[in-house]
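Comments concern the structure below.
The values are calculated or read from the model by the stated rules, or taken from the named source; none is laboratory data. Here the structure is a predicted model, which means the values were calculated and not measured. With ideal geometry, Cβ positions are generated from the backbone for all residues, glycine too; neighbour counts draw on all protein chains shown.
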Amino acid sequence: MRVKGVIAYDGSCFEGFQRQKRTERTVTQAMENALASLGIHSPIVGSGRTDTGVHATGQVIHFDLPPYWEQQELGKLQTHLNGKLQAIRIKHLSPVRSDFHARYDARERIYRYLFTAPKRRTVFERKYVAELRIDDTDLLKRALGLFLGTHDFELFMKTGSDTRHYVRTIRKAYCIQRGRYRIIYFHADGFLRAQVRMMIHASIAVANREVTLEQLGEQIDGRKRHLTGLAPPEGLYLARVLY
C-alpha cells in the first residue's frame, strides 16, 4: 500500500531534507530509520528538497507499506512514528493509488518567508525568523512582481544542482505584514535548488537600492547575473503542496 504523508519539521535540526552520503542528519534518514524500526523498509520520496536550516509545515512524502499493513492501521502507524521522531511531526497519513508520486504529481508548491527588522527577534526566534532590513516596501513589492509568470530561472539556482530544466512558473509572489513580522509568499509549479532564497535575497537588494529593478529584470530574463546571494535559511518554510 502506498501512503501519502503530510509532515512538519524543524529544519534547524537537520542538514536538509534529502538523504546524503556525508551525514545521517537529514529528514529523509530520520523518517526511514523510524520506519525501519517498525519493520518497514521503504525509501521516502518528498515533494521537494529543503536546504539545511529550512523548515516545513506542509511537506508531502510518499512511501510503501508491506502487504500485511491495512488501511485502518494508519492511525496507529502515525502514533508510533510520532513517538519515535523528535524534530518531525506527521500531521496526516492517507492511502493513495499505487503510482502516486509526491514530487511529480504536485501541481503547486507554496513557500513562505518570515522575517523581522534587525535586532527585533527574540532569542527564542533566532532559528525560525530571519532578520532583514527593508528600506522601501514599495520597491520590495515591485521586485516580487517581476518574478510572476513563466521564466527560465537558470540564473536563480544554486550551483551543484543536476537539474537540466530551468523553466518554472511563478503564480503568486507577494509580501504581507503581521505586527512586527513581514511574510513573503511564493506560489509556483516548482522551484530550482535554493531558488526561493535567491529570489528573496534579490528582492531585498532592490528594496535596499543595492541593485535596480532593471538589473533584477535582466537577471530574470537570463541576460546578465547581478546577484548570487541567498537569504538566511531560518525564515523559510515549505508551507503547502497542492495536488
>> Can you tell me which condition G217 does not meet? The list is (1) under 21 Å from V54 (Cβ atoms); (2) of a type outside the set (D, E, K, R); (3) in a helix (DSSP H, G or I); (4) in contact (Cβ under 8 Å) with a residue 60 or more places away in the chain, and all the others hold.
In response: (1)
>> Checking I61 against (1) closer than 23 Å to A194 by Cβ; (2) surrounded by fewer than 19 Cβ atoms within 10 Å (Cβ to Cβ): exactly one of these is not met. Which one?
In response: (2)
>> Where the second residue is small (G, A, S) and surrounded by fewer than 23 Cβ atoms within 10 Å (Cβ to Cβ) and the first is at pLDDT below 95 and assigned to a loop (DSSP other than H, G, I, E, B) and lies in segment 193-209, which pairs have Cβ atoms under 7 Å and are six or more apart or on separate chains?
In response: R193/S161
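Yes/no matrix, rows are residues, columns are (1) over 20 Å from the mean Cα position of the chain (by Cα); (2) under 30 Å from Q177 (Cα atoms):
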{"position": "F63", "(1), (2)": "no, no"}
{"position": "G75", "(1), (2)": "yes, no"}
{"position": "R89", "(1), (2)": "no, yes"}
{"position": "V96", "(1), (2)": "yes, no"}
{"position": "F100", "(1), (2)": "yes, no"}
{"position": "Y111", "(1), (2)": "no, yes"}
>> Any residue at all in segment 79-94 that's in contact (Cβ under 8 Å) with a residue 60 or more places away in the chain and more than 21 Å from T57 (Cβ to Cβ)?
In response: no
> From the set of residues in segment 13-24 that are in contact with a Ser or Thr (Cβ under 9 Å, 6 or more places away or on another chain) and over 26 Å from F100 (Cα atoms), which is surrounded by the most Cβ atoms within 10 Å (Cβ to Cβ)?
Replying inline: F14
> What tally of residues in segment 12-43 results from selecting those that are touching a Leu at 6+ places or on another chain (Cβ under 8 Å) and either charged (D, E, K, R) or closer than 22 Å to Y111 by Cβ (or both)?
Replying inline: 2
> Considering only segment 198-211, how many residues are surrounded by fewer than 22 Cβ atoms within 10 Å (Cβ to Cβ) and in contact with a His (Cβ under 9 Å, 6 or more places away or on another chain)?
Replying inline: 2
> Of all residues in segment 214-238 being over 14 Å from I200 (Cβ atoms) and of a type in the set (G, A, S), which is modelled with the lowest pLDDT?
Replying inline: G222
> Are any residues in segment 175-192 surrounded by 14 or more Cβ atoms within 10 Å (Cβ to Cβ) and not in a loop (DSSP other than H, G, I, E, B), and if so, which ones?
Replying inline: C175, Y181, R182, I183, I184, Y185, F186, H187, A188
> Hey, any hits in segment 9-27 for a residue that's closer than 11 Å to L238 by Cβ and part of a loop (DSSP other than H, G, I, E, B)?
Replying inline: yes
>> When the residues of segment 185-243 are narrowed to those that are more than 16 Å from L148 (Cα to Cα) and acidic (D, E), which ends up nearest to the chain's Cα centre (by Cα)?
In response: E234
> So which pairs qualify, if the first residue must be in segment 164-177 and closer than 18 Å to M198 by Cβ and in contact (Cβ under 8 Å) with a residue 12 or more places away in the chain, the second must be of a type in the set (D, E, K, R) and assigned to a strand (DSSP E or B), the Cβ gap must be under 6 Å, and the two must be at least 6 apart or on different chains?
Replying inline: Y166/D152; V167/D152; C175/R182
> What are the pairs, 6+ residues apart or on separate chains, where a residue within segment 1-19 that is free of Cβ contacts under 8 Å to residues at least 40 places away in the same chain has its Cβ under 7 Å from a residue that is surrounded by fewer than 16 Cβ atoms within 10 Å (Cβ to Cβ) and outside any strand (DSSP E or B)?
Replying inline: E15/T23; E15/R25; E15/T52; G16/T52
